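K.L.:
Have a look at this one.
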Amino acid sequence: MSSLESYLHEKSNKRGNKNLNQVRSFFSENDLEILQNNTISVVGTNGKSSTALNIHNLLTSLNLNSLVFTSPHLVDFKERIGTQENIPYDEFLDNLQLFERKNNLNLGYFEALFLMACQIFLNNNLDYFICEAGIGGLYDTTSIIQSKRVVLTSISHDHTELLGNEIKDILRQKLYISKNIDWLFTGDISKELINSINTDYKHINLVNNLRDYLQLKEISINEISTVEKNHFLSVMTLDLLLEESTFDELMNIKLPNNPGRFEIIQNEPLKIIDGAHNLEGVKSLLADFNRIDDSPLIDLFIGFKKGKDYLEILNLITRETNYRINLIQDNTFFEQQEVAKIIEHLDKIQHKYQIVSLKKFIENKNPSILLGSLYLIGEFKKDI
C-alpha cells in the first residue's frame with residue numbers, strides 16, 4: 001500500500017471536519033476562476049456518474065482534454081479521477097497533509113480526492129473539468145467551484161436526512177451548487193419542476209431541458225430507456241455548449257459502457273450489475289431490463305447499504321410475480337444493511353426469499369440483476 005493509499009485508508013471510516021471556506025482556501029483566486037470557467041458540474045439524484053463519464057468520453061473523442069471526477073469508486077480510488085494524463089498520485093500527498101496542518105482540519109475521504117482532482121486539472125492545463133457532486137449541491141464540497149455550467153440529471157428522493165423530504169427542497173439543494181449559473185441542462189425532469197426552475201431560480205440564466213430538445217429531434221423522451229436519456233443529456237450538453245460539434249457527430253461517437261451502471265456482464269442468460277439504490281433508480285433499472293429481456297422469471301440479487309430506505313424498493317419488487325428475491329449474505333460489502341432487518345419485512349408480507357453468496361449470482365442460470373449498492377457492485381468486481 002502506497003503512502004497516499006494509507007492516508008486515504010485512514011479517512012475511509014471517518015468524517016472530515018470540513019469547512020467550505022477553509023477548503024476553498026486550498027486554491028488561489030486565479031485557480032478558482034479557472035475552475036469556475038472550465039467546469040461542468042453534474043448534480044441530480046440518479047444518473048450523475050453515467051452522465052459525467054459520457055460527457056468526458058465525448059470530449060475525449062472530439063480531441064478535447066478533460067478530467068472527470070466521480071464517486072464512489074468500485075474497486076480502486078483512481079477510478080474517481082479519469083483523464084488521459086499520467087498521474088503521479090503520491091506527489092499530491094504532501095500538499096494535502098500540509099494544508100490540513102496549516103488549517104487544523106481533517107479532510108474527509110471525498111474532500112481529499114476532490115482537491116486532488118482539481119489540482120491535477122489545473123497542473124495539466126486541461127480544457128474541461130467534469131465534476132460530479134457528492135450529495136446535494138448547496139453544501140457539497142464541489143460547490144466551492146461555483147461552476148457557470150450545470151447539468152441536472154434527475155430529481156427524486158434520496159439522502160432525505162440531509163436534503164429534505166420534499167422534492168422542491170431537494171431541487172433547491174441541487175440547483176444551488178452554484179449561485180450564478182449561465183447554462184443549466186436538465187434531464188428527464190417534470191414540466192412542473194421545469195416551470196419552477198424558470199420562475200423561482202433567478203440565479204440561472206439559460207435553461208435547456210432534454211424533453212424539448214428531443215422533441216425538436218422528433219424523439220419522444222417517453223419511449224427511450226434511462227441509459228439512453230443519460231446519453232442524450234450528455235449529447236445535448238455538448239451540442240449546445242460547443243460551437244464546433246453537431247448532434248449527428250456526437251451521436252455517431254460510440255461510448256464505452258459505464259462500470260456498475262446497467263453493465264451487461266453476460267448475454268446468455270442476461271446478467272446485469274447496477275448500483276441502483278433508491279426507489280426511482282430501481283424502477284428505471286427494472287424497466288430498462290424488461291425492455292431487452294422478457295423472461296417470465298428474473299432473479300434479483302440484492303444487498304442494501306445501511307441507512308437506505310429499502311422498504312419502498314422491496315414493496316415495488318414484491319408487487320410483481322416474475323422477480324425472485326435473493327438476499328446477499330451479511331458481511332459481504334462495506335456498511336451493509338443486516339439481512340435480518342430485510343427478512344423481517346419480507347416475512348411480514350409473506351414473500352419468499354433465499355439468502356445467498358455473491359458466488360450464486362455468478363453461477364445462476366436464469367436472467368439476473370445484481371443491485372442495491374455500488375459498494376456491493378464493487379465487491380463483486382473484486383471477485384471476478
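K.L.:
So, LEU74, is that one crowded, with 18+ Cβ neighbours inside 10 Å and in a helix (DSSP H, G or I) or not?
P.N.:
Details: crowded, with 18+ Cβ neighbours inside 10 Å: yes; in a helix (DSSP H, G or I): no.
It is false that LEU74 is crowded, with 18+ Cβ neighbours inside 10 Å and in a helix (DSSP H, G or I).
K.L.:
Shifting gears a bit: Filter region 327-341 down to residues that are under 25 Å from the mean Cα position of the chain (by Cα) and of a type outside the set (Asp, Glu), then give me how many there are.
P.N.:
Matching residues across region 327-341 total 8.
K.L.:
While we're looking at this one, here's another question. Inside region 347-361, can you point out the residues that are surrounded by 16 or more Cβ atoms within 10 Å (Cβ to Cβ) and part of a helix (DSSP H, G or I)?
P.N.:
If the condition is that a residue be surrounded by 16 or more Cβ atoms within 10 Å (Cβ to Cβ) and part of a helix (DSSP H, G or I), then LEU358, LYS360, PHE361 are the ones that fit.
K.L.:
Continuing with the same structure: Would you pick out the residues in region 271-293 that are acidic (Asp, Glu) and within 11 Å of LEU316 (Cβ to Cβ)? If you could, list the steps in order and put the result at the bottom.
P.N.:
The initial filter retains those residues of region 271-293 that are acidic (Asp, Glu), namely 274, 280, 288, 293.
Within region 271-293, just GLU280 meets the criteria.
K.L.:
Sort out for me the helices (runs of 4 or more DSSP H) sitting completely within region 140-246 that have 3 or more residues that are under 21 Å from GLY275 (Cα atoms).
P.N.:
Numbers: elements: 160-163, 167-175, 191-200, 210-216, 226-241.
Helices (runs of 4 or more DSSP H) meeting the threshold: 160-163, 226-241.
K.L.:
Going by the structure shown, is ASP248 free of Cβ contacts under 8 Å to residues at least 24 places away in the same chain and acidic (Asp, Glu)? Even if it seems obvious, please write down each step before you answer.
P.N.:
On the way: free of Cβ contacts under 8 Å to residues at least 24 places away in the same chain: yes; acidic (Asp, Glu): yes.
Considered against the rule, which asks whether it is free of Cβ contacts under 8 Å to residues at least 24 places away in the same chain and acidic (Asp, Glu), ASP248 comes out as yes.
K.L.:
Out of (1) surrounded by fewer than 17 Cβ atoms within 10 Å (Cβ to Cβ); (2) in contact with a helix residue (DSSP H, G or I) (Cβ under 8 Å, 6 or more places away or on another chain); (3) of a type in the set (Val, Ile, Thr), the odd one out for THR321 is which?
P.N.:
Failed condition: (2).
K.L.:
Out of LYS78, LYS148, which single residue is in the same structural domain as LEU32 (by TED's automatic domain parsing), farther than 17 Å from ASN19 by Cβ and free of Cβ contacts under 8 Å to residues at least 40 places away in the same chain? Give the steps one after another, and end with the answer.
P.N.:
Numbers: LYS148 fails: free of Cβ contacts under 8 Å to residues at least 40 places away in the same chain.
When all the criteria are applied, what remains is LYS78.
K.L.:
What's the number of the condition GLU91 fails, among (1) modelled with pLDDT of 90 or more; (2) part of a helix (DSSP H, G or I); (3) over 24 Å from GLU263 (Cβ atoms)?
P.N.:
The single condition GLU91 does not satisfy is (1).
K.L.:
Next up: Read through the list (1) within 20 Å of LEU297 (Cα to Cα); (2) surrounded by 12 or more Cβ atoms within 10 Å (Cβ to Cβ), then give the number of the only condition that GLU335 fails.
P.N.:
(1)
K.L.:
Hey, any hits in region 4-17 for a residue that's small (Gly, Ala, Ser), on the phi < 0 side of the Ramachandran plot and under 15 Å from the mean Cα position of the chain (by Cα)?
P.N.:
So the first thing to find is which residues in region 4-17 are small (Gly, Ala, Ser), and the list is 6, 12, 16.
Then drop every residue that is not on the phi < 0 side of the Ramachandran plot, which leaves 6, 12, 16.
Pick out the ones that are also under 15 Å from the mean Cα position of the chain (by Cα) and you get none.
No, there is no match, as no residue in region 4-17 is small (Gly, Ala, Ser), on the phi < 0 side of the Ramachandran plot and under 15 Å from the mean Cα position of the chain (by Cα).
K.L.:
Output the number of residues of region 34-66 satisfying the condition of being in contact with a Cys (Cβ under 9 Å, 6 or more places away or on another chain) and part of a strand (DSSP E or B). Full working, then the answer.
P.N.:
Let us first name the residues in region 34-66 that are in contact with a Cys (Cβ under 9 Å, 6 or more places away or on another chain), namely 35, 39-42, 52.
Narrowing further to those that are part of a strand (DSSP E or B): 39-42.
Selection size over region 34-66: 4.
K.L.:
Pairs needed: first member in region 351-370, closer than 14 Å to GLN266 by Cβ; second member anywhere, of a type in the set (Ser, Thr, Tyr) and in a loop (DSSP other than H, G, I, E, B); C-beta distance under 6 Å; at least 6 residues apart or different chains.
P.N.:
Filtered contacts from region 351-370: PRO367/SER295.
K.L.:
Determine, yes or no, whether SER50 is under 24 Å from PHE334 (Cα atoms), at pLDDT below 95, polar (S, T, N, Q) and assigned by TED's automatic domain parsing to the domain that holds GLY136. Give the derivation first.
P.N.:
Values: under 24 Å from PHE334 (Cα atoms): yes; at pLDDT below 95: no; polar (S, T, N, Q): yes; assigned by TED's automatic domain parsing to the domain that holds GLY136: yes.
For SER50, the condition - under 24 Å from PHE334 (Cα atoms), at pLDDT below 95, polar (S, T, N, Q) and assigned by TED's automatic domain parsing to the domain that holds GLY136 - is not met.
K.L.:
Okay, moving on. Can you confirm whether region 296-306 contains a residue that is touching a helix residue (DSSP H, G or I) at 6+ places or on another chain (Cβ under 6 Å), surrounded by 17 or more Cβ atoms within 10 Å (Cβ to Cβ) and part of a loop (DSSP other than H, G, I, E, B)?
P.N.:
yes
The values are calculated or read from the model by the stated rules, or taken from the named source; none is laboratory data. In this text the structure is predicted, and so the values were computed from the model without any measurement. Backbone-built Cβ (ideal geometry, glycine too); neighbour counts: all protein chains shown.
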